[in-house]
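Structure record follows, encoded as structure tokens.
What follows is calculated from the coordinates using simple rules that are stated; it is not laboratory data. Quick caveat: nothing in here was measured; it's all calculated off a predicted structure. Glycine also receives a Cβ, built like all others from the backbone with ideal geometry; neighbour counts cover every protein chain displayed.
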Amino acid sequence: MDGETKGNVYDIQKYSVHDGPGIRTDVFLKGCPLRCLWCHSPESQSFDSDLAYMEIKCVGAEECGLCVSACSRGAISLGEPKPDLKGDKEIRRPVIDREKCDVCLECVSACPGRALYDPKKSMTVEEVMRVVRQDKRYYEKSGGGVTVSGGEPMSQFDFTLALVKRCKAEGFHVALDTTGFAPEERFMEILPYIDLFLYDLKHMDSAMHERLTGVPNETILKNARAIVKAGGRLQVRYPMVPRLNADDKNIRATAEFCTEIKDGIDVVQLLPYHGFGASKYDRLGRPYRLTNVQAPSDEFMKEALKLFQSMGLNAMIH
Ligand code: SF4
Ligand code: SF4
């Protein structure tokens, strides 16, 4: 039964207005084969469980401290006293030794306030649909729908296919937010159920693409051409990161590739880099590697936009 197909989800966000037309529900699937240096969802990367810690939800060892005794590996100790969120008293918070932690998640079960958590949730298609259906009237009024995102949703292909089939059967507009890094035949199989592909282009030079994301770009570019040839619609997204992929040569090469598949593109979105995801790396105890990168200036983004538009593309800064 398709409704019973299980997948690993890490979040479902309602009332989204950034991932396709109208008001949408975004379903974020866990696991991605890429490791983009600027990734602002590090919790989406691993296909497995993670131990995450959200300081804002922790009441501290004086009132709780249950995680310390729950960890049989001795991976949690108490840090130095630091002001609580209101700043009116000092509390000691847990410090996780990631070398000792084997992600057994005993501390997650012990934590009463969900300060410690595993972003991975196993859900059936039907369980996701129950959430999706709640906002049906907003989709109808706004021309919105459902966006299946990640991570890379094509990496959980059976679940994603079952989910988008169900969404289409119930009359919802469906967008698939993808890196494009999956076998072409899978894109062809899922294409009849996708109204819009949100499709990332990260670097046009394959060696640079591999340095920035961990994989080369040939499959991604080939799939973009194949989707357009088969009648699919693309909303291209170009995350522009100064010093990494937002130089004149790559901007022009990206625009030239877009003109090649222009007939299948609804819009090209130029996404200026931001470092908003950095705090999520802290939650997972991982380093954020782009601490020295600044957002591109408005003037820079406007110049890039002009170039895309001068080549006859419907482009916007998003
Ligand atoms: S996940 Fe397990 S090993 Fe890791 S800190 Fe929690 S209880 Fe300890
Ligand atoms: S169990 Fe949770 S709330 Fe209690 S001290 Fe540990 S992390 Fe904080």
Checklist outcome for this item: Along the dipole axis of the chain (charges at Cβ: +1 for Lys and Arg, -1 for Asp and Glu; origin at the Cα centre), the most positive-end residue among 75, 36, 16 is 16
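What's the exposure ranking of 9, 228, going from fewest to most Cβ atoms within 10 Å? Write out the running numbers ahead of the final one.
Details: 9 24, 228 19.
Lowest to highest Cβ neighbour count: 228, 9.
Hey, got the dipole for the chain? About the Cα centre, +1 on K and R Cβ, -1 on D and E Cβ, debye to the nearest 20?
300 debye
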Item to check | Top positive-direction residue, dipole computed over the range 255-301 with Cβ charges, set 279, 295, 261 | outcome: 279
Item to check | Whole-Å distance, taken between Cα centres, linking the range 178-204 and the range 103-142 | outcome: 25 Å
Next on the checklist: Connecting C-alpha atoms closer than 10 Å in a GNM of the chain, tell me which of 176, 66, 212 has the biggest fluctuation.
Outcome noted: 66
Item to check | Test item: Cα-centred dipole of the range 52-117, Lys/Arg +1 and Asp/Glu -1 on Cβ, debye | outcome: 120 debye
Checklist entry - Taking the chain as a Gaussian network, where each spring joins two C-alpha atoms under 10 Å apart, which residue of 95, 132, 241 fluctuates the most? => result 95
Next on the checklist: Could you tell me how far the Cα centroid of the range 27-93 sits from the Cα centroid of the range 250-303, in Å?
Outcome noted: 28 Å
Next on the checklist: Could you tell me which residue out of 61, 119, 313 lies farthest along the dipole of the chain toward its positive end? Charges go on the beta carbon: Lys and Arg +1, Asp and Glu -1, centred on the Cα centre.
Outcome noted: 313
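As a test of the formula, what do you get for the chain when each DSSP H run with n ≥ 4 contributes -39,500 (n - 2.57) and the sum is divided by the residue count, at 222 nm and rounded to the nearest 500 deg cm²/dmol?
-9000 deg cm²/dmol
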